[in-house]
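Chemist: After the C-alpha cells below, expect a handful of questions from me.
The values are calculated or read from the model by the stated rules, or taken from the named source; none is laboratory data. Nothing here was measured: the structure is a model prediction, and the numbers come from that model. Reconstructed Cβ throughout: ideal geometry from the backbone, glycine too, with neighbour counts over all protein chains shown. These area figures cover heavy atoms from the full protein model, side chains too; ligands, DNA and RNA do not enter into them. Shrake-Rupley method; radii C 1.70, N 1.55, O 1.52, S 1.80 Å.
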Amino acid sequence: MDGLTFDLAQTPLRDVNQFLHQDPLHNGGQTIQILNPDGAHNIAVGIDAPIQVEIQGHVGYYAAGMNKLATVTIHGNAGPSVAENMMSGRVHVKGFASVSAGASAHGGLLVIDGDAGLRCGISLKGGDIVVGGSVGSFSAFMAQAGRIVVCGNAGDALGDSLYEAVIYIRGKIKSLGADAQIEPMTAADYASVEELLAKAGFTYDPKEFQRVASAKQLYHWNADANQEY
C-alpha cells in the first residue's frame, strides 16, 4: 500500500503525533501506517485533516481522540475513551473497546466490531456509534444528541438520564436507566438503523432493533417527586 509507515518500536509517539498534526496534507494525504502500537496511549489524537491512518495493533486510552476529518482504523482492541470528543470523520475499532468509547463525541462515526465496556457513548453530543457486539452498564448516560446502534445486548441502566440522543438495540436490555423508555419504531427509525448498519458494514435486519429514548421526566424539577423518577 502506498503511504508512510511509522514504527513505534523505533519512532517516539510524540514525533508521530506531531507529524499527524502538521504535515500529513503536505505529503498528498497518503495513508499512514502505524506499527507496533503495543497499547500506547494517545495515539493519533487531535488529527485535523482528511487522511487515513491504519494502526496495526492494540492501543491504550484516548486513541483517535478529538478526531476531525480523518479516518482512523485500529486493527486491534482499544483502551478507555477511544474517539473521545470526536468532531467528524470515522474511527473503526476492529476488536473490542474499553470504557467510555465515543465519550462526548460531537460528530463523526465510531464503529466497534466487538463489545464495548461501561459508559459507551457517555455524554454523546451528536456523533454516531455502532457497536457490533454488546455494551456495558450505563451506556449512553446523559447522552445529549446523536445515535447509538447496539447489535448485541446492554447492561444495567441503559440510557440513564438521556436527553435527545436515541439508542437502537437488537439484543436484550438488562435494565433501563432513569427516564429512559422503549418507544415504537417509526419508518424514520428503521431508515436510520439501515443507514448506520450499512456504514458500519453490518448486515442485520433493522426490524430486529428497538428504540430507546428519553421519557423527558427529568427535564424539569418536580418538587413532589420525592427524588423518585
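Chemist: Checking residue 197 against (1) in contact (Cβ under 8 Å) with a residue 60 or more places away in the chain; (2) more than 15 Å from the chain's Cα centre (by Cα), which single condition isn't satisfied?
Modeler: Only one criterion in (1) in contact (Cβ under 8 Å) with a residue 60 or more places away in the chain; (2) more than 15 Å from the chain's Cα centre (by Cα) is unmet by residue 197, namely (2).
Condition check ((1) at pLDDT 95 or above; (2) part of a loop (DSSP other than H, G, I, E, B); (3) open to solvent by 20 Å² or more (accessible area, probe 1.4 Å)) across all residues:
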{"residue": "126", "(1), (2), (3)": "yes, no, yes"}
{"residue": "141", "(1), (2), (3)": "yes, yes, yes"}
{"residue": "156", "(1), (2), (3)": "yes, yes, yes"}
{"residue": "204", "(1), (2), (3)": "yes, yes, yes"}
{"residue": "207", "(1), (2), (3)": "yes, no, yes"}
{"residue": "213", "(1), (2), (3)": "yes, no, no"}
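Chemist: How about region 175-218: which of its residues are among the hydroxyl-bearing types (Ser, Thr, Tyr) and either touching a Leu at 6+ places or on another chain (Cβ under 8 Å) or closer than 18 Å to residue 140 by Cβ (or both)?
Modeler: 175, 192, 203, 204, 214, listed by residue number.
Chemist: Do you know which residues across region 16-39 are at pLDDT below 85, in a loop (DSSP other than H, G, I, E, B) and either of a type in the set (Gly, Ala, Ser) or open to solvent by 70 Å² or more (accessible area, probe 1.4 Å) (or both)?
Modeler: 28, 29
Chemist: Please specify each residue of region 165-193 satisfying the condition of being assigned to a helix (DSSP H, G or I) and in contact (Cβ under 8 Å) with a residue 40 or more places away in the chain. Break it down into steps so the answer makes sense when it comes.
Modeler: Taking region 165-193 and keeping what is assigned to a helix (DSSP H, G or I), we get 187-193.
If the condition is that a residue be assigned to a helix (DSSP H, G or I) and in contact (Cβ under 8 Å) with a residue 40 or more places away in the chain, then 192, 193 are the ones that fit.
Chemist: For region 48-69, name all the residues that are modelled with pLDDT of 95 or more and open to solvent by less than 60 Å² (accessible area, probe 1.4 Å).
Modeler: 53, 54, 55, 57, 59, 60, 63, 64, 65, 67
Chemist: Same structure again: Being assigned to a loop (DSSP other than H, G, I, E, B) and either crowded, with 19+ Cβ neighbours inside 10 Å or touching a strand residue (DSSP E or B) at 6+ places or on another chain (Cβ under 6 Å) (or both) is true for just one of 196, 162. Which residue is that?
Modeler: Working: 196 fails: assigned to a loop (DSSP other than H, G, I, E, B).
Answer to the selection: 162.
Chemist: Does residue 146 fit the bill of being in a loop (DSSP other than H, G, I, E, B), modelled with pLDDT of 95 or more and among the small types (Gly, Ala, Ser)?
Modeler: Working: in a loop (DSSP other than H, G, I, E, B): no; modelled with pLDDT of 95 or more: yes; among the small types (Gly, Ala, Ser): yes.
Judged against the criteria, residue 146 is not a match.
Chemist: Taking region 39-73, which residues are charged (D, E, K, R) and out of contact with any Leu (no Cβ under 7 Å at 6 or more places or on another chain)?
Modeler: Step one: filter region 39-73 for residues charged (D, E, K, R), giving 48, 54, 68.
54, 68, listed by residue number.
Chemist: Considering each residue of region 80-114, count those that are assigned to a loop (DSSP other than H, G, I, E, B), surrounded by 22 or more Cβ atoms within 10 Å (Cβ to Cβ) and either without any contact (Cβ under 8 Å) to a residue 12 or more places away in the chain or of a type outside the set (Ser, Thr, Tyr) (or both), and give that number.
Modeler: 10
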